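The block underneath contains the structure these notes are about, expressed in structure tokens.
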Amino acid sequence: MKKQRIEICAAMVLNPAKQLLLVRKKGSLYYQLPGGKAEEGETSVKTVIREIEEETGLRVSVEELLFLGTHEAEAVNEANTVVAGHVFKIILPEIKEICPQAELEEAVWVDQLNYKEYKLAHLAEEFVVTRWLQL
């Protein structure tokens, strides 16, 4: 059986303390990067900016985005599905408290000492964590 493929735009959001923002959807055990699927005719940049604001309330600009690349990983919340994530990096100028919105149940800032306490989605674990740990 052929796996479904979905494309998302997500972000490695960091604060000045080099903490990584992870979010958890309602009913999910996995912590993932903020982001989501593009709407009709929407670019990757516009998608990631919109999704971050919808999910976390953070407003970011195009100038704050750095494209890291695209990575395919097994989806954690959809059976028999591969996620192609177009991942951007954002470094916030200050530490902000995040209030989860939309379909999110939780948003957490993790550091390089405690991130292993969280069950990470494959895209975050395979593509982002190694880059983050090198900072």
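Dipole magnitude of the chain about its Cα centre, charges +1 at Lys/Arg Cβ and -1 at Asp/Glu Cβ only, in debye to the nearest 20?
Its charge dipole is roughly 320 debye.
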(request) Report the residue, chosen from Q19, Q112, Q32, that carries the largest GNM mean-square fluctuation when the chain is represented by alpha-carbon nodes joined by springs under 10 Å. (result) Q112
(message) I want to verify a result. In a Gaussian network model of the chain, Cα cutoff 10 Å, which of these has the top mean-square fluctuation: V62, V45, V13?
(response) V62
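Of all accessible surface on segment 1-130 at a 1.4 Å probe, what whole percent is carbon and sulfur?
Roughly 50 percent of what the probe reaches on segment 1-130 is carbon or sulfur.
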(request) Evaluate the relative contact order of the chain (contact order divided by residue number), counting alpha-carbon pairs under 8 angstrom at least 6 apart; express in whole percent. (result) 35
(request) Using DSSP, restrict attention to beta bridges with both residues in segment 1-83 and report what percent are antiparallel, rounded to the nearest 5. (result) 65
(message) Which residue fluctuates most in the GNM of the chain (Cα springs below 10 Å): G27, G35, G85?
(response) G27
(request) Read through the labelled values [x] 14.8, 47; [y] 16.0, 49; [z] 13.8, 47 and report the label of the one computed as Rg and Dmax of the Cα atoms in Å from the structure. (result) [z]
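The values are calculated or read from the model by the stated rules, or taken from the named source; none is laboratory data. Owing to the predicted nature of the structure, the values given are computational and were not obtained by experimental measurement. Because the Cβ atoms are built from the backbone with ideal geometry, glycine has one as well, and the counts that use them run over all protein chains shown. Only protein heavy atoms, including side chains, enter the accessible area calculation; ligands, DNA and RNA are left aside. Shrake-Rupley method; radii C 1.70, N 1.55, O 1.52, S 1.80 Å.
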